[in-house]
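Trainee: Quick one: this structure, given as structure tokens, is what I'll be asking you about.
The values are calculated or read from the model by the stated rules, or taken from the named source; none is laboratory data. As the structure is a computational prediction, the values presented were derived from the model and not from experiment. Backbone-built Cβ (ideal geometry, glycine too); neighbour counts: all protein chains shown. Quick note on the areas: whole protein, heavy atoms, side chains included, nothing else; ligands and nucleic acids left out. Shrake-Rupley method; radii C 1.70, N 1.55, O 1.52, S 1.80 Å.
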Amino acid sequence: MKLFKLLTVLLVVTCAATLVMAAEGGNSRKGKYLFKKSCKPCHVSGAEGGELTPLKKTQKQWDRFFTDDKHKSKPEALENFSDQDLKDINQFLFDHAVDSDQPETCG
Amino acid sequence: MSRLIDKKLSRRRFIGTSTCALAGVGLASQGRVLRALATSEEPLSGKLGDNRDVFTACGMCVNKCGVIARVRDGRIYKLDPNPEYLKSRGMLCARGNAGLNQVYDPDRLKYPLIRVGERGEGKWRRASWEEALDLVAKKMNEIAEKHTRAGVMFASTEGTFQEHFFLQMAECFGSPNTVRHPTLCLSSNIQGFSATFGTYPSADILNSDYIIMAGANRSEALLTPDSIDQLKGDGGRRKLVYLDPRFTKTAAKADEWYPIKPGTDMAFVLAMIHVIIGEGLYAKDFVATTTVGFDELAAHVQQYSPEWAEQHCQIAAADIRRVAREFAKAAPKALFYPGRRSSFADDDVQLRRAMAIVNAIVGSWDTEGGLVPNSVIPLSKHDYLAPWYDDVPERIDKDSAVFLSEKDGSWTAMRDRILAADPYAIKGMMVYKQNLVMSVPNRAKTLKMMKQMDFICTIDICMSDTAWLSDVVLPEATYLERQDPLESLSGVVPVVAFRQPCVEAMFESKPCLWIMQNLAKRLGSEIAETFDFTMDEHIHHQVSKNPQILKDLKKKGVYYLKVEPSYGLTQGKRLKTKSGKIELYSENYASKGLDPMPVFRPHAEVPPGKFRLLVGRNAYFTHGTTANNAFLHELMPENSLWLNPQAAQKLGLRNGQPVKVKSAVGEGVLRLEVTDKIRPDCVYMAHGFGVLSKGQSLIYGRGACDAALIEDALEPISGNVAMHQTFVDVSPA
């Protein structure tokens, strides 16, 4: 039982570390700028990509999007971004995901 | 269930009563005000025969209640509540009624002003908008050149429906250093509830059978619809249990009042959880299906018995046990009210977590009479692309709190970093509506921070203390003179609010959008392009997906989708927590080194001979903004210091005498009010007095300023200020 608990804790820690590491190195504010400039034109209501906001996914889902999915519905959409650009966008989406730590405001 | 629609007043019935009651007051006071304004040599005559009833929304506090402005001969004659406006239940309070004085106040700002004497000396010269805005743009650019664009900070607060234009200016100018009111307000509360439920919910007070309020003085700190619903109840079976070291007007309306020892509310709540779990009174199915961490919680609260809590909070164990049982029995139509105020102490997030948890374990979530996640009516947002500047650093207060809002910041943490120029210098301040000199604890530090600024510009409707200490002051049109964007107000029953000009803007006052657009033109085309729209275009864009909103607003002054609450909308859905469920135990907190469940740690005791300074509201004033309103000033011309008779006798002080109150950071002189309405170890004073500005002629030299006395203790999880950790000496003045 103790071993099971230890393994569970290790798994949780590893997952948490993976989450953080995947989005490390990005500039969230720059990511917001790039997202609005380059992603939003196709990702608003009525446009080709449909409405997309950071709140549409969890942090884990956003990380998976950048590590695994890589915009597979239209891979060429990411071609014009540098690796750093993608890190920045990933960081912005991660920081504002539905389960992110960004608090609600009042007023 | 009480039907909200039944709460609406018929317009005929309301006008029949309220007009008669207040017409005399309005006429007499307006005559005096207009005479005073006439001394400024401005044309005051309205258009004869211009008689209209105009739908708008109140701007006197945070609530935005529905208003009908009665315009007679081109002047606002009286403000009435809008009976269609569900959120305010057909009510307009004293502050709302006094709103017309914002327009006809002789003290209001009339023209752009440029300082000519020393800061705070009160010497100004009238300037044209062109000259004033040229100067503001020049100073902003100079500071940006020298210190990057982060060298200009932007302070603002909500309520005008135009604050987002000011924030747009901050973002487009390129400064990350915006600072708003939440860390003087709800940020710890929001954090505590959000960590548990993934959001900060509303309370379905109207349909609740059992309500516990801790320091939420809802009968005076008005919040619509809660304040009204709290008094109405349903069938008389409602019970209100109230914890507060002061006997407020909410205490007067409560079934039970406990003068709890400040700083120990968490002990009371943890003991309630102890009883509810220990006696098996919790909602077992709800807990099993909707929450995580119950086993950990059950083990954790074993230590917190009512007998243990009694030692800390000075409420009898038998009462705690009985209240816990009654609360669980009434559940799920039972509420431990979330409260709506700034932090009590530096563990406030964990207190709010405990409050959230006690609601959760009895199933008071997304159900009639319980906590209800807010609904909102969507409006299309104005989107823009802010320019990117490579050399701008991160927020100056980055990492000063565990959960720091990137838009709101942390006021006191930010001020400390600015004072230390750590990690860089901020030398310019743009201020919109926020009266930070009066609002941020430890006024001496705020004054020091302002002193080291190269430039300060304030936009406001009156000469607040912050405006008084600025270099350029820009007059905004009041809420009764402006067309504002539509505002979607979330709640159990959400509405869209509407604000349109009742009269033309007086003197040279202008709306925020106009000010931002004309400043943007001076800051470059890239910024100006983001403001290239009219207010009319903006509003039509907001309703582009649902034009009916605007039609209803024009017809009845409010838009709503439904008149009854909807419950259970989150059932079976993922909540915005890490686990997707209600988190009694927070893995997220644990991973950040925080207590995953609330742990009670006693606060410092009041030192012998001293008193704990309490803050709190009354129904007349909104923070530091309305004490100079002539109508409200008559209700409370100055503040006083509440002191218990036992303590007064011990100090040899008598009712009405001036006393000096001194803390570690400041002092003030005000009149003593000896009263049984406060614990012997505490003192209390109303906010909004002791001003520095001679531009607030009614209250200058009256009373004392609480911000001068309160120390700036920080709640480290949310970045909020801790308001109840200041001890003061009281002596004859």
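Trainee: Just to be sure I understand: of the beta bridges DSSP finds with both ends in the stretch B:419-513, what percent are antiparallel, rounded to 5?
Mentor: In the stretch B:419-513, DSSP labels about 25 percent of beta bridges as antiparallel.
Trainee: In what order, largest first, do B:SER188, B:SER525 sit by accessible area if the probe radius is 1.4 Å?
Mentor: The residues order as B:SER525, B:SER188, largest area first.
Trainee: For the stretch B:469-557, state which trypsin sites (Lys or Arg not before Pro) are in a DSSP loop and have at most 15 other beta carbons lying within 10 Å of their beta carbon.
Mentor: B:LYS545
Trainee: Mind grabbing the base-10 log of I(q)/I(0) for the stretch B:248-340 at q = 0.19, 0.21, 0.24 Å⁻¹? Debye formula, identical points on the C-alpha positions, no solvent, two decimal places.
Mentor: The computed values of log10 I(q)/I(0) come out as -0.97, -1.15, -1.37.
Trainee: Go through the stretch B:380-399 and flag every residue whose accessible area shrinks by 30 Å² or more with all protein chains in place compared to the isolated chain (probe 1.4 Å).
Mentor: Residues of the stretch B:380-399 that lose at least 30 Å² of accessible area once the other chains are added: B:ASP383, B:LEU385, B:TRP388, B:GLU394.
Trainee: If you find the alpha carbon centre of the stretch B:652-718 and of the stretch B:72-146, how far apart are they in angstrom?
Mentor: Taking the Cα centre of the stretch B:72-146 as reference, the centre of the stretch B:652-718 is 27 Å away.
Trainee: Something else now. Keeping all protein chains in position, work out how much accessible area B:ILE114 exposes to a 1.4 Å probe, and write it in Å² to the nearest 10.
Mentor: About 10 Å², rounded to the nearest 10.
Trainee: Can you give me the angle between helix B:317-330 and the longest principal axis of chain B, using Cα atoms only, in degrees from 0 to 90, rounded to the nearest 10?
Mentor: Long axis of B:317-330 versus the principal axis of chain B: about 80 degrees.
Trainee: Which chymotrypsin sites (Phe, Trp or Tyr not before Pro) from the stretch B:403-477 combine a DSSP loop assignment with at most 16 other Cβ atoms within 10 Å?
Mentor: Those that pass, being in a loop and sparsely packed, are B:TYR424.
Trainee: Let me understand the stretch B:401-446 better: what is its radius of gyration from the alpha carbons, and its Dmax, in angstrom?
Mentor: 11.2, 28
Trainee: Taking all pairs of distinct Cα atoms, average 1/r, flip it, and tell me the Kirkwood hydrodynamic radius of chain B in Å to one decimal place.
Mentor: Kirkwood hydrodynamic radius for chain B: 26.7 Å.
Trainee: State in Å² the accessible area per residue of the stretch B:637-733; use a 1.4 Å probe, count heavy atoms of protein chains only, and round to the nearest integer.
Mentor: Dividing the accessible area of the stretch B:637-733 by its residue count gives 38 Å².
Trainee: Over the stretch B:611-732, with every protein chain in place, what whole percent of the accessible area is carbon and sulfur at 1.4 Å, could you tell me?
Mentor: So the carbon and sulfur contribution to the accessible surface is 52 percent.
Trainee: May I ask you to find the residues of the stretch B:144-190 that are shielded by at least 30 Å² of accessible area once the whole protein assembly is considered instead of their isolated chain (probe 1.4 Å)?
Mentor: In the stretch B:144-190, residues shielded by partner chains: B:GLU171, B:ILE190.
Trainee: Further question: How large is Rg/Rh for the protein assembly as shown, to two decimals, with Cα atoms and a Kirkwood Rh?
Mentor: 0.95
Trainee: Within the stretch B:57-126, list the trypsin sites (Lys or Arg not before Pro) lying in a DSSP loop whose Cβ has at most 13 other Cβ atoms in a 10 Å radius.
Mentor: Listed in order of number, the matching sites are B:LYS123.
Trainee: Classify the stretch B:511-600 from the C-alpha gyration tensor, please: rounded if a/c falls under 1.5, else prolate or oblate depending on whether a/b exceeds b/c.
Mentor: Taking the square roots of the gyration eigenvalues as a ≥ b ≥ c, the stretch B:511-600 is oblate.
Trainee: Measuring with a 1.4 Å probe in the full set of protein chains, what accessible area per residue, in whole Å², belongs to the stretch B:126-205?
Mentor: Per residue, the stretch B:126-205 has 24 Å² of solvent-accessible surface.
Trainee: In addition: Keeping all protein chains in position, work out how much accessible area B:GLU279 exposes to a 1.4 Å probe, and write it in Å² to the nearest 10.
Mentor: 80
Trainee: List the residues of the stretch A:76-107 whose accessible area drops by at least 50 Å² when all protein chains are present, compared with their chain alone, using a 1.4 Å probe and counting only protein heavy atoms.
Mentor: Residues losing area: A:VAL98, A:ASP99, A:ASP101, A:GLN102, A:PRO103, A:GLU104, A:THR105, A:CYS106, A:GLY107.
Trainee: Suppose a student asked you for the relative contact order of chain B, using Cα pairs under 8 Å spaced at least 6 residues apart; what percent would you report?
Mentor: 19
Trainee: Note the angle between two axes, namely the Cα long axis of helix B:187-197 and the longest principal axis of the Cα atoms of chain B, as a number of degrees from 0 to 90, rounded to the nearest 10.
Mentor: Helix B:187-197 sits at roughly 50 degrees to that axis.
Trainee: I've got another one for you. Using only Cα atoms, locate the centre of the stretch B:344-420 and the centre of the stretch B:520-579, then give the distance between them in Å, rounded to an integer.
Mentor: Here the two parts' Cα centres lie 21 Å apart.
Trainee: Continuing with the same structure: Averaged across the residues of B:525-535, what count of C-beta atoms belonging to other chains lies within 10 Å of each residue's C-beta?
Mentor: Neighbouring Cβ atoms belonging to other protein chains average 0 per residue here.
Trainee: If you rank A:LYS60, B:LYS146 by how much accessible surface each has, with a 1.4 Å probe, what is the order from largest down?
Mentor: Greatest to least solvent exposure: B:LYS146, A:LYS60.
Trainee: With everything on Cα atoms, drop me the angle between helix B:512-523 and the longest principal axis of chain B, reported from 0 to 90° to the nearest 10.
Mentor: Tilt relative to chain B: about 60 degrees.
Trainee: How long are the semi-axes of the equivalent ellipsoid of the stretch B:375-415, taking √(5λ) for every eigenvalue λ of the Cα gyration tensor, in whole Å from largest down?
Mentor: 26, 19, 8
Trainee: If packing is taken as the mean number of other Cβ atoms within 10 Å per residue, what is the order of B:700-710, B:652-662, highest first?
Mentor: B:700-710, B:652-662
Trainee: Given the whole protein assembly as supplied and a 1.4 Å probe, what does the accessible area of B:VAL721 come to in Å², nearest 10?
Mentor: B:VAL721 exposes around 0 Å² with every protein chain in place.
Trainee: Suppose the chain between B:GLU131 and B:LEU635 were pulled fully straight at 0.36 nm per residue; how much longer would it get relative to their current alpha carbon spacing?
Mentor: 177.4 nm
Trainee: What ranking of B:ASP285, A:ASP101 comes out by heavy-atom accessible area, probe 1.4 Å, highest first?
Mentor: The most accessible residue leads, giving B:ASP285, A:ASP101.
Trainee: Summing both sides, how much accessible area is buried between B and A? Use a 1.4 Å probe and give Å² to the nearest 100.
Mentor: When B and A are taken together, about 2400 Å² of accessible area is lost.
Trainee: Another question, if that's okay. When the scattering of the stretch B:611-732 is computed by the Debye formula from its Cα atoms alone, each counted once and equally, what is log10 I(q)/I(0) at q = 0.11 Å⁻¹?
Mentor: -0.37
Trainee: Could I ask something else about it? Given the rule -39500 (n - 2.57) for each run of at least 4 DSSP H residues, summed and divided by the residues of chain B, what is its mean residue ellipticity at 222 nm, to the nearest 500 deg cm²/dmol?
Mentor: Mean residue ellipticity, 222 nm, calculated: -9000 deg cm²/dmol.
Trainee: Something else now. Expressed as cubic angstrom per residue, what is the convex hull volume of the alpha carbon set of the stretch B:307-461?
Mentor: 216
Trainee: Would you mind giving the average projected area, over all directions, of the Cα convex hull of the stretch B:289-394 in nm² with one decimal?
Mentor: 12.1
Trainee: Shifting gears a bit: Going from the alpha-carbon gyration tensor of the stretch B:374-454, what semi-axes, largest first and in whole Å, does one get by taking the root of 5 times each eigenvalue?
Mentor: For the stretch B:374-454, the ellipsoid semi-axes come out as 26, 18, 14 Å.
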